[in-house]
Structures are given as structure tokens and as C-alpha cells.
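Have a look at the structure below, then the notes.
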Amino acid sequence: MKKFFLILTLLIIAAVLILPRLDTYQREGTLTLSALQAPVKVLRDDAGVPYIYADSLDDALTAQGFLHVQERTFQMELYKYLAHGRLAEFIGERGIKNDRIIRLLDLTGFAKEQLGRLSDEERNYLQRYLNGVNAFITDREDEYPLMFSVMGHTPMQWTLEDILAIQYFRIWSSSVNWRQELLTLQLIDKFGAERAYELRPLTINPDDPATEFDAEPSQLASLGLQFDDSLVSDYQPRYAMGSNAWASDGGKSANGAPILSNDPHLDARHLPGFWYPMGIVTPELRAVGTASPGGPGLGVGRTSHIAWGATNGYADMVDLYIETLDPDNGSNYIQGGQSLPFLTRTEELLIRDREAEGGFRVETMQIRETIRGPIISDHGMSLVEGKLLSMRWSVPEYVGPDSGNRELLLARSVDEALLAIGKTTVPLNYIVVDTAGNVARMGSGVVPIRSRGNGLVPLVPKEQDNWQGRIPPEEMPLQLNPAKGWVGSANHRVTKADYPYEYSTHFAGSWRYRRLMELFEKPVVSVDDHWAFNLDIKNLLAQRMLPAIIAAFEADPELQPLARELAAWDLLDDKDETAPLIFQTVLRHFAIETFSDDMDESLLMAYLNQTYYWQERVLRWYEQDGSPWFDDTRTEQIEDRDDIIIRAGRAVLTELNANWGEDSSSWRWGDAHTVTFFHPFIPGKDAAKWIGGGEHAMGGSGETLMRGLYIFDKPYEAKVIDSMRIIIDMADTEKVEAHFPGGVSERWFDPWNKNFLDSWLSGEKRYWWFSDEAINEHAQYELRLQP
């Protein structure tokens, strides 16, 4: 056995020494990039962050495409296959669920149609980037990543349709509200419309105490919805979960100019990370920030004039409809009293399988569509006889000829930035500032104007379309230069009670934004304050729940040790503390004990996994100390909130004693709440030790500004985390402060693969350079690209 480990150790050492030389690419010197119009210079600092110097934006975009694919070849190929619904063809069985929903949407077909609608400026913007991508694929085969040799994969030339498909996949992945509608149908089937209404989401805008989503009860009868997870992609939620972004104006900022902060929350455990940091300098533009490989420009960043960041705004751009099959003609459906034929198409999905003939299995999908969209209930679902469920997405109907990304990059003021954001189809909340001192928060996306329905419950179609166009950009939620001196978004509801449109019923709980309100009570905030806000781990949900928990536990001798730990807690979800572990476990078991008598395991987990659906509602009952849902219908007595708290406490003792020992003082939140960083080619904790970033104890939670969200039925491993932290001080013309859990390069054992990870874990500031002086001072490598 000792000999085996010695050999293994030697092999690993050899791999670490040899593989970087086999799996590398040109970082210095001169190379030919024929798509350029003029020479381009790329300077890199010691962390590998590139700064492109070009004579035109066109050439800068070409160089950007080249650098992206040079250092993120596998990642970009993954995105391409993901966006076309061909992921199983690339990675095998684990991609099939993604492929089914993407083929239903027909993103490939939509991308082809949209190509003909692009403005000349938008087409050129994408084409220049594409030229750089294809130059690498054609001319640098010897620099393909080693993992392609292992897979037996050779990348093909990219097309504009590929870039558009990736754009629209990311937009789709931010549109998660349709899953809420499926859950609502399940609840109506189980409890009837009236009782399911009691479980409706409670959405609150802390800036407007009058807000509370309180629609009329649905009149739907049970539809007998049954479905499996055939369309539940493991990949879509990686882009959908949230974010924080905020900005203080010049009057509230210590340096007299706006300061912007952004920490997008994604499943960012996959090295080298979602983001690619970089700078771009041309005669018309100076910019630094982060891009997402697969498309041009910057997703978050600053220029000489503005800075911007974004969060998921959860604007509802997807509706489900209950269609009626023509009883006399199974090839038709009923629309406004008429019988109309389904549109039909066939999709063949290839699934990589070494044992299959030719290396692939084939799955065939027969897809039916109404005038609203594809029938999703044909795939892993069923309803009562004669009823079908269709899905309608607003983007194909209302998308314009420009994405807004190029216009945002070139904007010279907040006003110009808001016009650019109005063209954006992604359902985000943008935070934008400018050098004149303006700050703004604006919602984006193409949200339908609903004349009927609110997006929470599927509708039965009528003769008149319930979508009456889109909400005009100038009427999207906007906060511009508020008197309080700051703007922010934490995925909470941003519409006021008197907002005239049905915007969404799906928002995060209000505690993260309420914590921002507390922090911004300081009359003046500095850059260091903004950085500290990003790392803040105070849990305001716990603050509201603890008094009742402590009181109930103190009355039970068995639970008194837990009460003492919670009473001494400072409400910080610190990885080295005991109380956060106790609270999170109480929260889980309280929710389970509340509903386990009413729901079977499948429905219970479907409901509790959608925390945005139930948390604010259950907290309302909790603080009112009254709801019939607290009663356990399986017993003869009538249980109240405190009875459920006691039950939860005993379940906590059982769980934590079994997992961490009976000495509660030795329990640590970070023992259970961990995050693992791995390479997407070989995921998992074991591989993470060798070609990943390993497993780490983590503070924070789903309720804190520093996010560490776990999935309810898979406690307590953090899945959704801060994919980046960036602070931009418009008074600082030298740099931005930022880090992310990864690095520039995806290559195995590359020193730039995860060289920002330690800083992300510790909270250490890193810098991306903005001025020529700072870029040149820190430059360690120079690459010249010649036409």
C-alpha cells in the first residue's frame, strides 16, 4: 500500500511538472492574427489579467474573441453546446435534461431568425468578436487544451448563430418564473384553489411598506398535473439565482464621486470561474471589468464615463397556458372557439455513449406548438385528459435589433446608459453611475403587459390575447438619484404598490436589502465600507426568528443548551461559530415540520426548494404566531408555532448529535457549510483535490449579503456564491478593487487557473488596473498581435 501511494505521489508530481508544458498557449512575443486591421498589444499583469491596446474598437473586439477562446476553449465549447441543446452530445447523459428544454424552446431556430433582424452596428459588433474566435480555432490547433485530446473533441468554426444562441440561453436561464407556475399547479391539485392561495408568495419592497403581492385567488380546478424532472436542467439555475448590487452617490461617498459595488450570485464553483477579467483601451474607449467568454464587451465594469453592475431582477417574461385538445381531432387544439392545427417539428438529440454504435445514442422529440409556444406537457408531464400545458416566452416576440451591450459600453452618462439598458432583453436590475455624480437602478427585459393574469398561475387562453405588447423601457422600474443618496438591488421586489403592470410574483426575501438599508444609515461611506458590505454576514432573517426560538427552547430542558448558544449569538453567519449551524438546521426542520403532514415528500421538497416562494409567507405567519398550517393534522391536538419550534429543536439535536457529536460547543457552521471548487471536465469533491480548488469551510448563508446559498434538500453545501466581488470608485482613476473564485486560464495546472481563489476565500482585495500608468507599471507579459 505504501508503494502504491509513493507511485501515485510521483505520478502527481510528474503531472504537475509536465502537464503545464503540454497544455499551454502563447502568452508573449508576436503572433499573426489576420482578422485584425492594425497591430494590437496585449499587456498582462502578474495575475494574467489582459489589457488590450488597439487602434479601434473593432480590433479590440477581435483580440477579445481571440483571448477568450485561447484561454477558455473548453468553457466556450461547453457554452455553445449548452445553448444549442447539444450538451449531451458534448458531455454525455448528464446534459440531456438541458437539451430537452432548449430544443423545446428552439433557441437555434430563434438565433437564425434573429440574425436577420440585427442592426448593422450590432452585426459588426458580434462579427468582430467572432473573427477573433475563429482565428484561434483555424490557426492555433497546436494550442487546443489537453482535455480535448482526452475527450476526442475537435472544435469547429463558430458562427454568429452560436454567439446569439449563447446570448439567448443566458437570457432564458434568468427567466425562472415558469417553474413557480408549475409549483402553483401542483399546490392547486393537492389543496384546491382556495387553500393553495394561502401558500402564495409574499413579495415585499422595503422601500414601499404598502407592497404585498395579494392577487385574487385562482379559480382553477385540479388538472392532475404529474411530472418528472425531464425538463429540469442542472445547468440553467447556475445563471439564475441572484446577486447584490448597489451604489452611493457623490454626496454620500467619502471621495466625492459615486462608488459602485456588485457581487453576482451564481453557481461559480466551476474553475476557472464564470468571469474573465480584462481591460480594453482604444481611442474611443477605456474600460476595465469582467466579460463572460462567448460574447463581446463587458458584463460588469467601468469606463472613463460610467460604471455598471447588475442583479437578477426576476421580471416575469414567461407564461404557461392551459390548452384544450380538440376532442374531434387530436392533431388540433381549440383557440377562441376555432380548431387550429398544431405546428410540429422533430428534434434528434445525440447522447455521447462509448458503448453505442458510432459513440452516440439518439433520443427523438416530437414537439407540438400552439400560437403561444411549445407544449411542454408532452415531455415528462401529464394532465387530465384533453388538457395540455404550453409555454410562452416574450423574447422571441419583442426582442429588438440591438442587445444594448455595445451601447452601454460606449455610454457617456447615466442617461445614455439607461437608454442602452432599455434595449436589453435580460431580466436584470442594473445599477449605473457616472462621473457627474448620478446614480440609478433600472429594470431591464421585455416584460409583457398582461391584461389578464399575474404570471403565478397558468391561464386558460381566450379569444383576446392577454399579452398587449411589452412594458415600454421608460416605464420599467427606475430609481434615479434618490434623496437617500444610494440605490441597490438584492433580488427583492423593486416595484411599488401602485406600479401599473403585473411585473413579477417571484422575488427574493427582503432581508439582504434590509441589511443594506441598515449599513447605509452611515452618513458617509468609503470604498473600504463598500468592500466590507460585500463580506457582510449578518443574518436579519435569524434576527426576526430568534426571540420565539430561544423562548421555546428555554422552556424545554433538553433544548436549553441550544437556547444558550443562540442567545449569545451576534447574528453573524461565521464559519467558526456554532449558532449559525443551529439556526440553519432549526429553519430547515421548522419548515419541514410545518408542512410534512400536508404534503408527500415529493411535493414537500418541490415547495421548500423554492425558498423565494415560501419564506416571506411563512415568516409572516411565524411573526403573527398564527396559521392553521402549523397544526399537524395527524394528531388529535392542535399544534401552534411553538409546538413546531420544539419539534424542530428535537430534530436538530438528533441530526447534529449524529453528524458532529453530542458536545454542541464543538459544532461549527463551516464544518457543514462548505464550498467545493472543481473543473467542469471532472466534477466532484474527489477530483477537486487534484485538478480543482478543493473543499473549504464557508461563512454566510442564503440570507446574508456574502452569499452561501445551499439547496434546501441538499444541506448544507453552498452552491450559489459570490461569483465576483467588485468595487468601482469613480474618483479612483487608477484601478478597481475585485476578485473572483478562479483565474483567467482554464488549462490544467496553469498557475492562472485559480490564482484569485485564495483572495476570494479570505476576502483579500485584488486590483484590476485602469490607467495607462498603472497598467504599464504592473505589466509582466506583452503579446503583440499582427494583422
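The values are calculated or read from the model by the stated rules, or taken from the named source; none is laboratory data. Given the structure is predicted, the values throughout are model-derived calculations rather than measurements. Cβ sites come from the backbone with ideal geometry, for glycine too, and all protein chains shown count toward neighbours. To get the accessible areas, we keep the full protein, side chains included, count just its heavy atoms, and leave off ligands, DNA and RNA. Shrake-Rupley method; radii C 1.70, N 1.55, O 1.52, S 1.80 Å.
Some observations on this one:
- Taken together, the residues in the range 736-766 that are surrounded by fewer than 19 Cβ atoms within 10 Å (Cβ to Cβ) and not in a loop (DSSP other than H, G, I, E, B) amount to 4.
- Across the range 569-592, the qualifying residues are those that are in contact with a helix residue (DSSP H, G or I) (Cβ under 7 Å, 6 or more places away or on another chain) and open to solvent by 40 Å² or more (accessible area, probe 1.4 Å), and the one among them that is nearest to PRO715 (Cα to Cα) is LYS575.
- Which numbered condition HIS379 misses (of (1) touching a Lys or Arg at 6+ places or on another chain (Cβ under 7 Å); (2) at pLDDT 95 or above; (3) within 24 Å of MET317 (Cβ to Cβ)): (2)
- Of all the residues in the range 623-676, those that are under 22 Å from ALA551 (Cβ atoms), open to solvent by 60 Å² or more (accessible area, probe 1.4 Å) and part of a loop (DSSP other than H, G, I, E, B) number 4.
- Exclusive hit being over 30 Å from TYR612 (Cβ atoms), open to solvent by 10 Å² or more (accessible area, probe 1.4 Å), in contact (Cβ under 8 Å) with a residue 40 or more places away in the chain and touching a strand residue (DSSP E or B) at 6+ places or on another chain (Cβ under 9 Å), set THR324, THR303: THR324
- The lone exception for LEU419 - which of (1) open to solvent by less than 20 Å² (accessible area, probe 1.4 Å); (2) more than 24 Å from ARG372 (Cβ to Cβ); (3) among the hydrophobic types (A, V, I, L, M, F, W, C) it fails: (1)
- Whichever residue in the range 593-610 is outside any helix (DSSP H, G or I) and in contact (Cβ under 8 Å) with a residue 12 or more places away in the chain and, among such residues, is surrounded by the fewest Cβ atoms within 10 Å (Cβ to Cβ): ASP597
- Selection within the range 80-102 - among the hydrophobic types (A, V, I, L, M, F, W, C) and farther than 17 Å from ALA165 by Cα: ILE91, ILE96
- Residue satisfying condition, being over 13 Å from VAL487 (Cβ atoms) and without any contact (Cβ under 8 Å) to a residue 24 or more places away in the chain, within set ALA411, ALA436: ALA436
- Boolean, ILE166 is open to solvent by less than 10 Å² (accessible area, probe 1.4 Å), hydrophobic (A, V, I, L, M, F, W, C) and either under 16 Å from LEU82 (Cα atoms) or at pLDDT 95 or above (or both): yes
- Within the range 381-453, strands (runs of 3 or more DSSP E) holding 3 or more residues that are not hydrophobic (A, V, I, L, M, F, W, C): 387-393, 428-434
- Condition met for LEU146 (more than 24 Å from the chain's Cα centre (by Cα), farther than 30 Å from GLY116 by Cα and at pLDDT 85 or above): yes
- Qualifying positions in the range 463-510 - in a loop (DSSP other than H, G, I, E, B), touching a Gly at 6+ places or on another chain (Cβ under 7 Å) and open to solvent by 30 Å² or more (accessible area, probe 1.4 Å): GLU463, GLU502
- Sub-6 Å Cβ pairs linking a first residue in the range 50-71 that is under 12 Å from LEU130 (Cα atoms) and assigned to a helix (DSSP H, G or I) to a second residue that is at pLDDT 95 or above and of a type in the set (D, E, K, R), at least 6 apart or interchain, are ASP58/ARG128; LEU61/ARG128; THR62/ARG128, ordered by first then second residue.
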